[in-house]
Amino acid sequence: MAKLSIVLPEKMEFSTSIKIRITDINYGGHLGNDTLLSLLHEARVRFLASKDCKELNCFGSGLIMNSVQIDYKSEAFYADILDVQVGIIEITKTGFELGYRFVSRTTGLEVAKALNGMVFFNFEKRRVVRTPERFREAFKLEEV
């Protein structure tokens with residue numbers, strides 16, 4: 001399989017720190033690849049909360065993930081603190097794409113980069129809906 005390249009902006013609009021727990025470590029003695037997806041979710045929830053959004057109600061609509069791409073760069077270990085940068089890459093008619101950068105405070109190395117597609121979703125009607133205008137205003141981006 002050809003490796004896809006993730007290109008992120010130099011500066012992201014949000015950052016948070018997440019400490020790696022013992023349950024995040026796999027049999028190889030480092031951060032498990034499945035756990036990184038969970039850490040991505042945690043960082044996304046914190047990013048949305050910074051704009052008073054929740055995945056179940058983000059300016060009147062729910063959110064669901066429709067794609068993810070992770071590029072692992074280096075190991076991370078128990079008790080490492082990961083500094084996570086998050087930023088919106090683009091906003092579309094029905095969603096947006098987020099970019100993530102995970103850096104180990106212990107080593108200073110980039111642990112991973114990721115892209116994550118989200119769509120706005122009406123859970124009652126079980127269908128994708130348009131991006132709320134208030135979301136676009138809160139993040140000051142134009143629709144692509």
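The values are calculated or read from the model by the stated rules, or taken from the named source; none is laboratory data. Bear in mind that the values here come from a model prediction, so they are computed numbers and not experimental data. When we count neighbours, we look across all protein chains shown, and the Cβ atoms used for this are built from the backbone with ideal geometry, even at glycine.
Summary of values
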| quantity | calculated |
| --- | --- |
| Residue match in region 20-32 (condition: buried (at least 17 other Cβ atoms within 10 Å of the Cβ), of a type in the set (Asp, Glu) and over 13 Å from the mean Cα position of the chain (by Cα)) | yes |
| Flag for Glu42 being part of a helix (DSSP H, G or I), within 25 Å of Leu4 (Cα to Cα) and touching a residue at least 24 places away in the same chain (Cβ under 8 Å) | yes |
| Some residue of region 111-123 being over 15 Å from the mean Cα position of the chain (by Cα) and of a type in the set (D, E, K, R) | no |
| Those residues of region 53-91 which are touching a helix residue (DSSP H, G or I) at 6+ places or on another chain (Cβ under 8 Å) and over 21 Å from Val128 (Cα atoms), in sequence order | Ile70, Tyr72, Tyr78, Leu82, Val84, Val86 |
| Residues that are part of a loop (DSSP other than H, G, I, E, B), surrounded by 15 or more Cβ atoms within 10 Å (Cβ to Cβ) and in contact (Cβ under 8 Å) with a residue 40 or more places away in the chain, drawn from region 52-72 | Cys53, Phe59 |
| Those strands (runs of 3 or more DSSP E) lying entirely in region 78-144 with at least 1 residues modelled with pLDDT of 95 or more and over 17 Å from Phe14 (Cα atoms) | 95-104, 110-122 |
